[in-house]
Amino acid sequence: MEVEVVVAHSERATLRVGNVFLKVDSDPANADVEVEAMALAPVPTPEVLWRKPPVLALAALRGTELARLGEPSTASPAAWAAAGAAARMLHDAPLPPWRSRKLDDVASDLDGECEWLVAAGVLPADLVTRNRRIAEAALRPWTPVFMHGDLQVAHVFLDDDEVTGVLDWSEAGQGDALFDLAVLTLGHEQHLGDVVAGYGADVDLEVIHGWWSLRSLRAIRWLIEHGFDPFAPGCEVDVLRARM
């Protein structure tokens with residue numbers, strides 16, 4: 001049976017073996033959050049087959065990913081709207097009893113990452129400064145919702161424009177609804193309108209733009225250090241350049 005490496009870096013790895021995903025995580029607390037969040041979430045999630053730390057086995061989901069960062073999406077507007085509707089269903093659910101670690105100390109982390117990007121010569125200062133200013137829109141009080149925390153397009157599976165499951169819940173918790181919507185549309189800005197239509201509520205687009213900048217600025221060093229390429233077409237650096 002073929003073993004496919006879905007993602008792998010020094011902190012965690014995900015393998016696909018037939019119809020089973022095996023997630024190996026250096027921090028068992030991540031699996032604790034994932035299992036509990038999937039049990040509470042009102043949207044489809046993978047079936048937990050078994051768990052033997054540090055390994056979590058999940059059943060494969062039916063359908064295909066909504067899209068991938070850096071690649072054009074072939075999904076229909078209805079599929080993007082369905083993803084927005086699933087996000088709204090999650091955000092309307094009762095809060096989980098824990099905060100998401102994803103948004104802790106976000107402002108101080110952002111300043112440190114911006115300083116590093118310029119000092120290390122990774123990005124020009126004007127690009128960082130412009131996006132740091134845009135990111136300010138996201139740094140405002142919000143009413144906590146049940147947040148997925150990493151709702152990127154590759155984590156949403158659909159079949160015939162119906163959401164069949166949402167993956168990777170280790171960052172879930174109480175957080176900002178617009179963070180989820182920003183992550184879902186990062187690098188696929190042309191589909192924001194479809195997502196908002198499916199979400200069915202007023203959305204502050206300036207805050208979405210702020211989260212696009214903020215998430216990209218914070219992610220670049222981690223991506224480089226873990227073997228990913230934020231300079232690839234359509235990825236984080238292009239997201240920042242689009243704000244200029």
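The values are calculated or read from the model by the stated rules, or taken from the named source; none is laboratory data. This one's a predicted model, so the numbers in the text were calculated from it and none came from an experiment. Neighbour counts are summed over all protein chains in view; Cβ atoms, including those assigned to glycine, are modelled from backbone coordinates with ideal geometry. Side chains are part of the model used for accessible areas, which takes the heavy atoms of the whole protein and leaves out ligands, DNA and RNA. Shrake-Rupley method; radii C 1.70, N 1.55, O 1.52, S 1.80 Å.
Structure notes:
- Residues satisfying the stated conditions in region 193-235, i.e. among the charged types (D, E, K, R) and free of Cβ contacts under 8 Å to residues at least 24 places away in the same chain: ASP202, GLU225, ASP229
- Restricting region 202-212 to residues that are modelled with pLDDT of 95 or more and not in a helix (DSSP H, G or I), the residue that is most open to solvent (accessible area, probe 1.4 Å): ASP204
- Matching residues in region 87-103 - criterion: being of a type in the set (A, V, I, L, M) and in contact with a helix residue (DSSP H, G or I) (Cβ under 8 Å, 6 or more places away or on another chain): ALA87, LEU90, ALA93, LEU103
- Pairs, first at negative phi and without any contact (Cβ under 8 Å) to a residue 60 or more places away in the chain in region 45-64, second open to solvent by 90 Å² or more (accessible area, probe 1.4 Å) and not hydrophobic (A, V, I, L, M, F, W, C), C-beta under 6 Å, six or more apart: ALA59/GLU47; ALA60/ASN19
One line per residue, one yes/no per condition, for (1) open to solvent by 30 Å² or more (accessible area, probe 1.4 Å); (2) not aromatic (Phe, Trp, Tyr):
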| site | (1), (2) |
| --- | --- |
| ILE134 | yes, yes |
| LEU139 | yes, yes |
| VAL183 | no, yes |
| LEU186 | no, yes |
| TYR199 | no, no |
| LEU214 | no, yes |
| VAL237 | no, yes |
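- Of the criteria (1) under 21 Å from HIS188 (Cα atoms); (2) touching a strand residue (DSSP E or B) at 6+ places or on another chain (Cβ under 8 Å), which one ALA60 fails: (1)
- Here ALA219 meets the list (1) assigned to a loop (DSSP other than H, G, I, E, B); (2) surrounded by fewer than 20 Cβ atoms within 10 Å (Cβ to Cβ) almost entirely, failing just condition (1).
- Going through (1) in contact with a Pro (Cβ under 8 Å, 6 or more places away or on another chain); (2) surrounded by 21 or more Cβ atoms within 10 Å (Cβ to Cβ) one by one, THR164 falls short only on (2).
- Scope region 165-184; condition more than 9 Å from the chain's Cα centre (by Cα) and β-branched (Val, Ile, Thr); matching residues: VAL166
- Within region 38-71, the residues that satisfy the criterion of being of a type outside the set (Lys, Arg), in a loop (DSSP other than H, G, I, E, B), under 30 Å from ASP238 (Cα atoms) and in contact with a helix residue (DSSP H, G or I) (Cβ under 6 Å, 6 or more places away or on another chain) are LEU66, ALA67.
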